[in-house]
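What follows is one structure encoded as structure tokens, with my remarks underneath.
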Amino acid sequence: MIHNKLLNPQSIAIIGASSDIHKPGGKLLKNLLESNFKGNIYLVNPKETEIQGIRCFEKVEYLPETDCAILAIAAKYCVATVDVLAHEKNTRGFIIISAGFSEENKEGNELENRIVETVNEVGGSLIGPNCTGFLNINYTGAFDTPVPVLNPQGVDFVTGSGATAVFIKEYGISNGLSFNSVWAVGNSAQIGIEDVLEYWDETFTDKSSRVKMIYMEKVGNPQKLLKHASSLVRKGCKIAAIKSGNSKAGSRAASSHTGALATSDVAVDALFRKAGIVRCYSREELATVCAVFMHPDVKGKNIAVITHAGGPAVMLTDVLSNNGLEIPQISGDAAAELLSQLYAGSSVANPIDFLATGTAEQLGKIIDCCETKFDNIDAMCVIFGSPGLFPNWDVYRVLDEKMKTCKKPIFPILPSIINVKDEINDFIYNKKRINFPEECVFGNALAKVINTPAPQPQNIELPEINITAIRTVIENSTNGYLGLEEIRLLLDAAGIQRKHEVEINNCQDAVNFARKAGYPLVMKVVGPVHKSDVGGVVLDIKDEETVVREFNRLIKIPETYAVEMYRMLSGTEIFVGASREAHFGHLVLCGLGGIFIEVLKDISSTLSPVGIDEAHEMIRRLRSYKIIQGIRGREPVNEKLFAEIIAKVSALVQAAPEIAEMDLNPLLGTATNIVAVDARIRIEK
């Protein structure tokens, strides 16, 4: 648990305080003095006796006991300073602004580790080093600006980058977004983003802020993040996050289809989706999503676009529609009555366009109709700017009043940030409202919020499988790809139906199998990783002459040590795979199989464990889902069996975490059956 002396100190020392507010030590003090802090402030600077009206001590040894210390001194002095504070001054909260630690070199990393050891010895809490600081409703312990006016129901923001936090705050504050706390954790030497989430989760009450914002450049502890983020969302919180630094696992591309597709960024996507986090890709998008969070929940996907300007309404309609939201047509007696109260040339079909000359009174009537008379509307977006001909005071006053009384959410899109700057500032700062100045940015953010699924259940029920048989295979295997017999045993133990094949080492055995099994047949090389790439797959073999010819050709392909033969099956090619990602656990993936996996790259992914319900969600997220359902007379794939195989693969890798990569590709699916035709499993103990 994060120490209370960091969160709500009664005394704070700034080590390295300065009279120059253009230096971190000076700006720290200025921000602290201008914050809500009512406790004692102590300063240390050997060259000063008084700084910004506060007495200054020459050495840290001369300080009285202090709850929290903020260090803005050279890294090389921080170790000894923390030691004195921790052991002699009973300090338990530490914020180290200073750089020059693990982000710089090995020596800096050693200094950082020594500081963490000291703080841990006394049960303290450390933010930083190499950060801009921390602020909450109790005090501002940060040197950066802007310092937001704090609101207990504002956004709780944790970031790995102080500079990025500055830019996000600037954008958010300028549009009316409020904050409750800002944690710039810097190097996360002791307290990282996952630890802050844990604190928010474990201290959550009815009075806590319900909006959480995250900027991260690494996921240090994915399982901890998943646990506490999903717990917070289940409690009623909403979380938006950026994970920057997307990477590609190109070096693994030849290993398996799943390995090529299961990059670390796919793992992050899966993690966020499983936790119910809205993933964002820019500062603007992150702040906008959190601004959407600050409004009442949208209960459906039907949106009314209310506008006095046609172009922005069309663009917003496009964005919402392209992201799965509906702009339903409005018609009937109530619509006709509303139209009669608007100027000639107006339209209420949706978008509801009441022209550039539309009045505040007309806007009020439109909103009232959407609220009480149009049952097919779940939320309203109001676009209202100005060409500079007249002020908008009355329009924004009506908008504010309706937002207070309407149960359906109203999102104000006020684009004229110059022409009616004073009116917008009044709307934001006096009426405490949020403005969305750009309709497409807003539309994408709203769609992301609505389309992000709820977190998965905390306890996921997996299918029953034969764990004893699975462990026997794994424990008797060495690292590398399993042979066909081991794969058969694992699939059988997991309850995954497979084809019945044989490995043939000479031509006469191939002929004998063909005579016994019948035609058509499939022949494949055993050995090469990508069989199709080397011409190692032959389908629809219908006679003995072809069996002989193709066996003699296939067995000569480099790396081939046998030829696999089986009766040819039919159905839609699908795939299920799993890949172990460092720290994340296993990714489970599904999609269309065969060559389509490489061409379309249409996959769904999630983190194991995967229950049946989540497996169905994965299938339905596929762009190719209509093919799974059966399209234009094609036989559908049994979705229930498909979902069961996904869950069984998850259960298999849970029982055998030594499985590094696994491909069932293709599985052949029909309306009644799904059979694994080809499988590769690599063990890495």
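So here's what we get for this one:
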read-out	value
Matching entry among Val588, Val576, Val675, Val610 (being farther than 23 Å from Pro453 by Cα and either out of contact with any Cys (no Cβ under 9 Å at 6 or more places or on another chain) or in contact (Cβ under 8 Å) with a residue 40 or more places away in the chain (or both))	Val675
Single match in Ser264, Ser230, Ser256 (criterion: crowded, with 16+ Cβ neighbours inside 10 Å, of a type in the set (Ser, Thr, Tyr), modelled with pLDDT of 95 or more and not assigned by TED's automatic domain parsing to the domain that holds Ser604)	Ser230
Number of positions in the stretch 21-80 that are in a loop (DSSP other than H, G, I, E, B), under 14 Å from Thr140 (Cα atoms) and out of contact with any strand residue (DSSP E or B) (no Cβ under 6 Å at 6 or more places or on another chain)	4
Some residue of the stretch 510-526 being under 25 Å from Leu652 (Cα atoms) and surrounded by fewer than 21 Cβ atoms within 10 Å (Cβ to Cβ)	yes
Selected residue (criterion: surrounded by the most Cβ atoms within 10 Å (Cβ to Cβ)) from residues of the stretch 606-641 that are more than 24 Å from Glu464 (Cβ to Cβ) and polar (S, T, N, Q)	Ser624
Any hit, the stretch 310-324, residues being in contact (Cβ under 8 Å) with a residue 40 or more places away in the chain and over 29 Å from Lys238 (Cα atoms)	yes
Residue, nearest to Ile193 (Cα to Cα), within the stretch 94-112, restricted to residues that are in contact (Cβ under 8 Å) with a residue 12 or more places away in the chain and among the polar types (S, T, N, Q)	Ser102
Total residues in the stretch 124-139, condition hydrophobic (A, V, I, L, M, F, W, C), in contact with a Phe, Trp or Tyr (Cβ under 9 Å, 6 or more places away or on another chain) and within 21 Å of Ser178 (Cβ to Cβ)	2
Residue, farthest from Lys27 (Cα to Cα), within the stretch 44-58, restricted to residues that are of a type in the set (D, E, K, R) and surrounded by 12 or more Cβ atoms within 10 Å (Cβ to Cβ)	Glu58
Check on Ala656, surrounded by fewer than 21 Cβ atoms within 10 Å (Cβ to Cβ) and either touching a residue at least 40 places away in the same chain (Cβ under 8 Å) or in contact with a helix residue (DSSP H, G or I) (Cβ under 7 Å, 6 or more places away or on another chain) (or both)	no
Pick from the stretch 165-184, criterion over 19 Å from the mean Cα position of the chain (by Cα) and β-branched (Val, Ile, Thr), ranking: surrounded by the most Cβ atoms within 10 Å (Cβ to Cβ)	Val182
Those residues of the stretch 385-400 which are in a helix (DSSP H, G or I) and either of a type in the set (D, E, K, R) or at pLDDT below 95 (or both), in sequence order	Asp394, Arg397, Asp400
Members of the stretch 278-309 that are aromatic (Phe, Trp, Tyr) and closer than 12 Å to Ile239 by Cα	Phe293
Residue ID - surrounded by the fewest Cβ atoms within 10 Å (Cβ to Cβ), chosen from residues in the stretch 83-126 that are of a type in the set (D, E, K, R) and in a loop (DSSP other than H, G, I, E, B)	Glu103
Meets criteria (touching a residue at least 12 places away in the same chain (Cβ under 8 Å) and closer than 20 Å to Pro351 by Cα) for Ile434	no
Hits in the stretch 348-384 - residues which are assigned to a helix (DSSP H, G or I) and out of contact with any Phe, Trp or Tyr (no Cβ under 8 Å at 6 or more places or on another chain)	Ala360, Glu361, Gly364, Lys365, Ile367, Asp368, Cys369, Cys370, Glu371, Thr372
Checking Glu644 against (1) touching a residue at least 40 places away in the same chain (Cβ under 8 Å); (2) surrounded by 21 or more Cβ atoms within 10 Å (Cβ to Cβ); (3) more than 22 Å from the chain's Cα centre (by Cα); (4) closer than 24 Å to Pro463 by Cα, the condition it does not meet	(2)
Positions within the stretch 532-544 being assigned to a loop (DSSP other than H, G, I, E, B) and surrounded by 19 or more Cβ atoms within 10 Å (Cβ to Cβ), in sequence order	Gly536
Qualifying positions in the stretch 307-347 - touching a Pro at 6+ places or on another chain (Cβ under 9 Å), of a type in the set (Val, Ile, Thr) and either outside the structural domain of Pro387 (by TED's automatic domain parsing) or in a loop (DSSP other than H, G, I, E, B) (or both)	Ile327
Subset of the stretch 607-660 [closer than 24 Å to Ile683 by Cα, out of contact with any His (no Cβ under 9 Å at 6 or more places or on another chain), outside any loop (DSSP other than H, G, I, E, B) and not hydrophobic (A, V, I, L, M, F, W, C)]	Glu644, Lys648
Total residues in the stretch 476-485, condition outside any loop (DSSP other than H, G, I, E, B) and surrounded by 14 or more Cβ atoms within 10 Å (Cβ to Cβ)	2
Residue match in the stretch 140-159 (condition: crowded, with 21+ Cβ neighbours inside 10 Å, out of contact with any Phe, Trp or Tyr (no Cβ under 9 Å at 6 or more places or on another chain) and under 30 Å from Glu438 (Cα atoms))	yes
Gly495 being modelled with pLDDT of 95 or more and farther than 27 Å from Phe179 by Cα	yes
Residue check for Arg553: surrounded by fewer than 21 Cβ atoms within 10 Å (Cβ to Cβ) and at pLDDT 95 or above	yes
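Let's see how each residue does on (1) touching a residue at least 40 places away in the same chain (Cβ under 8 Å); (2) polar (S, T, N, Q); (3) not assigned by TED's automatic domain parsing to the domain that holds Thr317:
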{"residue": "Ile428", "(1), (2), (3)": "yes, no, no"}
{"residue": "Ala445", "(1), (2), (3)": "yes, no, yes"}
{"residue": "Ile450", "(1), (2), (3)": "yes, no, yes"}
{"residue": "Ala454", "(1), (2), (3)": "yes, no, yes"}
{"residue": "Ile467", "(1), (2), (3)": "yes, no, yes"}
{"residue": "Gln508", "(1), (2), (3)": "no, yes, yes"}
{"residue": "Gly536", "(1), (2), (3)": "no, no, yes"}
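Residue by residue, here is whether (1) touching a strand residue (DSSP E or B) at 6+ places or on another chain (Cβ under 9 Å); (2) among the hydroxyl-bearing types (Ser, Thr, Tyr); (3) at pLDDT 95 or above holds:
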| position | (1), (2), (3) |
| --- | --- |
| Ala336 | no, no, yes |
| Gly345 | yes, no, no |
| Thr357 | no, yes, no |
| Gly364 | no, no, yes |
| Thr372 | no, yes, yes |
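Residue-by-condition table, conditions (1) assigned to a helix (DSSP H, G or I); (2) closer than 30 Å to Cys237 by Cβ:
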position	(1), (2)
Pro455	no, yes
Pro463	no, no
Ile474	yes, no
Ile487	yes, no
Asp492	yes, no
Glu503	no, no
Phe513	yes, no
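The values are calculated or read from the model by the stated rules, or taken from the named source; none is laboratory data. Note that the structure is a prediction, hence the values are computed from the model and not measured. Every residue, glycine as well, gets a Cβ built from its backbone with ideal geometry; the counts of neighbours run over all protein chains shown.
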